[in-house]
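Chemist: Just dropping this structure here.
Bear in mind these aren't lab numbers, they're just calculated from the coordinates by the rules spelled out. Quick caveat: nothing in here was measured; it's all calculated off a predicted structure. Don't worry about glycine lacking a Cβ; one is built from the backbone with ideal geometry, like all the others, and counts go over all protein chains shown.
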DNA sequence: ATATCGATACATGTATACAAAATGGCACCC
DNA sequence: GGGTGCCATTTTGTATACATGTATCGATAT
């Protein structure tokens, strides 16, 4: 340990350590949060797995303090579970909790769609149409990862179109919480074709300025995804 | 500072320090979070006011570390704003954001009511009826603080009755976020009478197992409160 | 007199040191 | 042979020390 400068600032990256990927003006805790949340969403950190403060601190070449603070920050987003002195774990969501979360998410995304139907301009139609075209293309190519990303774009566009930033934030957060589980389901048999069809219904309702239809189309879409996800998980346990 | 034991554990409470009110097995950061969140909800800490790490640490006789962690935890609940090195402040919510939050809250509480209408048993009717009776009594006495607390109990009972713990948590969190602003509105002219009447409509719809009516009654109730709150704030600015 | 620059003071971010609780393994007893 | 209690290790919680960025205040120049 003698080769690490006395105290404080002089951090430096030794071989074998991961970089925090440029964080100008950002605090270490915040950079760590982004890195770790990305790893969770991408599935590199499995739900239920333990997060070791020291290990992570060493891996990124920082002290335990910013790591701990990042854990607290992630606990705020419900991505990490803090259990007193028992340590931090990647939040593992039980099937029952997933059902509950999808019920809420269906309602929130439905509200996004309803508000969007009331508020979108004509110009927005071109934008969402373009996203949808790319989704269809990705579906035909069969490139699952690209499809997943464009799918996310589609929903994101509707969040924004709701013109309610708080609602958009809230919905995004919830989406992130189940991201680790969702990703697995994109590979199910008819999921891609169904998604394209459901998105079309949602899009039409919004562009027709029909709030109720937009709401129910979106709610059904999310609920169907939830059902698929549960079927998928059931096959494993 | 010489009289504070060398390092670590030996914490002790000197005169003039506030106690953290018995926290057996709980960590200091968690105790602090509860204390501070309570102070925010009660309005003792005004929105926008700066939270000084050292001052709070000294006030409760702990070091800066648990104070900082409590801030991170509260940031998770959107009660505190962290602005890099510029310090932490009690989150101040602009009118626009309040409108957005009430729109979401109306939907979430509405969902609670809808699910409750589908799921409540007969026994629950007695429980909610008893709470409502106490609310009416408090309304007649005119004891605003008691009224506020019982009002909260009423809503809490419906959260629980939804049998969706995630939804209940989410709704509670949102309620806490606007608590500092809500409390001020209870004192408005007809608010108490209106609240009692609206609660009756909600209760009847739930007990009649009419999900749609329960949903809209609750949504209207929350929206009306939001409107009142905005009127109230507008009078000040 | 006002505006700008610089030095100082202070608050936050980060690292390390110490204390205590929890996990795991071993010995001992039933 | 299995279970229970004790000890060592490991990991978290907390306190303090140090580094760095921000703000404040005063001096100087225009």
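Chemist: How far, in whole Å, is the closest Cβ of chain A from the axis that maps A onto B, and which residue does it belong to?
Modeler: A:76, 1
Chemist: Mind checking the angle between helix A:165-185 and chain A's longest principal axis? C-alpha axes, 0 to 90 degrees, to the nearest 10.
Modeler: So the inclination is approximately 80 degrees.
Chemist: Taking the Cα atoms only, what angle lies between the long axis of helix B:191-207 and the longest principal axis of chain B, rounded to 10 degrees?
Modeler: 70 degrees
Chemist: Moving to a separate point now. Which value at 222 nm does chain B reach when only helices count, each DSSP H run of 4 or more adding -39,500 (n - 2.57), with the total divided by all residues and rounded to the nearest 500 deg cm²/dmol?
Modeler: On the way: 9 runs with 160 residues, N = 237.
The helix contribution divided over chain B gives -23000 deg cm²/dmol.
Chemist: In nm, what does the list of distances from residue A:65 to its counterparts in the other copies look like, shortest first, when each label sits 7 Å along Cα to Cβ?
Modeler: So the label point of residue A:65 gives 1.0 nm to the other copies.
Chemist: Still on this structure, I have one more. Between residue A:201 and residue B:126, what's the calculated FRET efficiency when r is the beta-carbon distance and R0 is 60 Å? Round to 0.05. Please report the intermediate quantities before stating the final value.
Modeler: On the way: r = 44 Å, r/R0 = 0.74.
Step by step, r from the Cβ atoms, then E = 0.85.
Chemist: Would you mind getting me the FRET efficiency between residue B:27 and residue B:163? Use the beta-carbon distance for r and R0 = 35 Å, nearest 0.05. Don't jump to the answer; show the numbers that get you there.
Modeler: Values: r = 31 Å, r/R0 = 0.88.
About 0.70, to the nearest 0.05.
Chemist: How far is it, in nm, from the label point at residue A:136 to the one at residue B:190 when both lie 7 Å from their Cα along the line to the Cβ?
Modeler: The modelled label-to-label distance comes out at 5.3 nm.
Chemist: At 7 angstrom along the Cα-to-beta-carbon line, where would the label on residue B:208 sit relative to the other copies? Give the distances in nm, shortest first.
Modeler: 3.1
Chemist: What do you get for the angle between helix A:64-76 and the principal long axis of chain A? Use alpha-carbon atoms, 0 to 90 degrees, nearest ten.
Modeler: So the inclination is approximately 20 degrees.
Chemist: Determine, from the Cβ-Cβ distance of residue A:224 and residue A:97 and an R0 of 22 Å, the FRET efficiency 1/(1 + (r/R0)^6), rounded to the nearest 0.05.
Modeler: On the way: r = 19 Å, r/R0 = 0.86.
The formula returns an efficiency of 0.70 here.
Chemist: Right, another one. Any idea how far apart residue B:153 and residue A:232 come out in nm if each label point goes 7 Å out from Cα toward Cβ?
Modeler: Label at residue B:153, label at residue A:232, 4.5 nm between them.
Chemist: OK, next. How far is residue A:49 from the same spot in each other copy, in nm, shortest first, if each label point sits 7 Å from Cα toward Cβ?
Modeler: The answer, with the shortest distance listed first, is 4.4 nm.
Chemist: May I ask you to sort A:108, B:86 by Cβ crowding, counting other Cβ atoms within 10 Å and putting the fewest first?
Modeler: Working: A:108 27, B:86 9.
Lowest count first: B:86, A:108.
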